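For reference, the structure is listed below as structure tokens.
The values are calculated or read from the model by the stated rules, or taken from the named source; none is laboratory data. Please read these numbers as outputs of a predicted model, since none were measured by experiment. Neighbour counts run over all protein chains shown; Cβ positions are idealised from the backbone, glycine included.
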């Protein structure tokens with residue numbers, strides 16, 4: 001018997017590869033382990049994170065980084081025998097695992113240092129003075145919520161954060177490594193209305209403008225920026241070569257999103273940045 005892989009296992013160009021078909025015998029050796037990890041990974045990370053209380057907080061980040069590297073070393077060959085071997089997330093597996101560790105460590109509600117290097121901070125600081133409001137736009141990449149840590153550190157904490165249920169805790173967004181929570185804006189039919197209200201009051205919003213990893217950035221938020229006279233700044237986060245998290249801010253081709261053509265240029269520019277992060281460039 002053969003089974004067809006879901007659409008997210010297709011090749012990057014969207015065409016179904018002939019190797020997208022797998023026999024049951026190919027999947028059985030690892031199916032149990034994958035199902036277990038998929039079902040219980042959150043609990044495993046949460047339980048293991050509490051053992052961090054045995055380690056000084058000054059070592060939490062480095063310990064999480066080393067554990068992520070060890071986990072990736074173990075998981076890569078296992079995933080290589082599954083349909084997930086074509087998933088682009090494999091190239092940034094350490095960063096994905098580190099994101100999970102940092103999320104769970106932050107839930108312990110103790111401050112701990114994170115090695116973050118911020119590039120282009122002058123651009124977001126300058127943009128935060130714009131009277132029409134500011135939207136810091138990013139996409140679902142590993143470590144993207146390190147951007148919030150960076151924004152708090154440079155004195156530009158967002159008025160609201162557009163986030164899904166997984167990132168929220170009691171209606172707030174915990175900032176990694178800080179005992180600071182930011183107001184969450186739920187992703188529902190009213191999300192753009194709430195963002196518009198904040199922008200009209202001169203506030204700042206952090207928003208992921210795609211539906212998930214691998215999805216193309218959406219233009220709705222850029223259209224809203226253009227309509228209300230706000231300004232956009234783009235942000236990405238990536239794991240650096242020596243284990244530091246690099247957060248980069250940059251202006252899109254048209255920060256004010258004045259035309260449909262310039263909005264498309266903004267989307268293409270952000271997509272190119274996303275591709276460079278995933279490829280490790």
Top-ranked residue of region 124-155 - restricted to ones that are surrounded by fewer than 24 Cβ atoms within 10 Å (Cβ to Cβ) and assigned to a helix (DSSP H, G or I), ranked as farthest from the chain's Cα centre (by Cα)
126
Would you say residue 194 is over 15 Å from residue 224 (Cβ atoms) and out of contact with any helix residue (DSSP H, G or I) (no Cβ under 9 Å at 6 or more places or on another chain)?
no
Can you tell me how many residues in region 265-280 are surrounded by fewer than 23 Cβ atoms within 10 Å (Cβ to Cβ), under 29 Å from residue 197 (Cβ atoms) and touching a helix residue (DSSP H, G or I) at 6+ places or on another chain (Cβ under 9 Å)?
1
Could you figure out which of (1) over 28 Å from residue 95 (Cβ atoms); (2) surrounded by 15 or more Cβ atoms within 10 Å (Cβ to Cβ) isn't true of residue 261?
(2)
When the residues of region 169-178 are narrowed to those that are out of contact with any helix residue (DSSP H, G or I) (no Cβ under 9 Å at 6 or more places or on another chain) and in a loop (DSSP other than H, G, I, E, B), which ends up surrounded by the most Cβ atoms within 10 Å (Cβ to Cβ)?
171
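I'd like to check something: does region 78-93 contain any residue that is modelled with pLDDT of 85 or more and either under 30 Å from residue 152 (Cβ atoms) or in a helix (DSSP H, G or I) (or both)?
For region 78-93, residues modelled with pLDDT of 85 or more and either under 30 Å from residue 152 (Cβ atoms) or in a helix (DSSP H, G or I) (or both): present.
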Of residues in region 156-168 being in a loop (DSSP other than H, G, I, E, B) and modelled with pLDDT of 95 or more, the one farthest from residue 185 (Cα to Cα)
156
Assess whether residue 104 counts as being at pLDDT below 95, over 19 Å from the mean Cα position of the chain (by Cα) and over 19 Å from residue 234 (Cβ atoms).
no
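Results for (1) under 20 Å from residue 96 (Cα atoms); (2) at pLDDT 95 or above; (3) within 18 Å of the chain's Cα centre (by Cα), shown as yes or no for each residue.
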{"site": "239", "(1), (2), (3)": "yes, no, yes"}
{"site": "245", "(1), (2), (3)": "yes, yes, yes"}
{"site": "252", "(1), (2), (3)": "no, yes, no"}
{"site": "273", "(1), (2), (3)": "yes, no, yes"}
Between a residue in region 55-72 that is free of Cβ contacts under 8 Å to residues at least 12 places away in the same chain and in the same structural domain as residue 95 (by TED's automatic domain parsing) and any residue that is part of a helix (DSSP H, G or I) and surrounded by 13 or more Cβ atoms within 10 Å (Cβ to Cβ), which pairs come within a Cβ distance under 9 Å, given they are 6 or more apart or on different chains?
55/63; 59/52; 63/52; 63/101
For region 100-123, which residues satisfy the criterion of being touching a helix residue (DSSP H, G or I) at 6+ places or on another chain (Cβ under 7 Å) and not in a loop (DSSP other than H, G, I, E, B)?
100, 101, 102, 104, 105, 116, 118
Residue check, residue 216 against (1) crowded, with 18+ Cβ neighbours inside 10 Å; (2) out of contact with any strand residue (DSSP E or B) (no Cβ under 7 Å at 6 or more places or on another chain), all met but one. Which one?
(1)
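Does residue 198 fit the bill of being closer than 30 Å to residue 112 by Cβ, assigned to a helix (DSSP H, G or I), touching a strand residue (DSSP E or B) at 6+ places or on another chain (Cβ under 8 Å) and in the same structural domain as residue 159 (by TED's automatic domain parsing)?
The answer is yes for residue 198.
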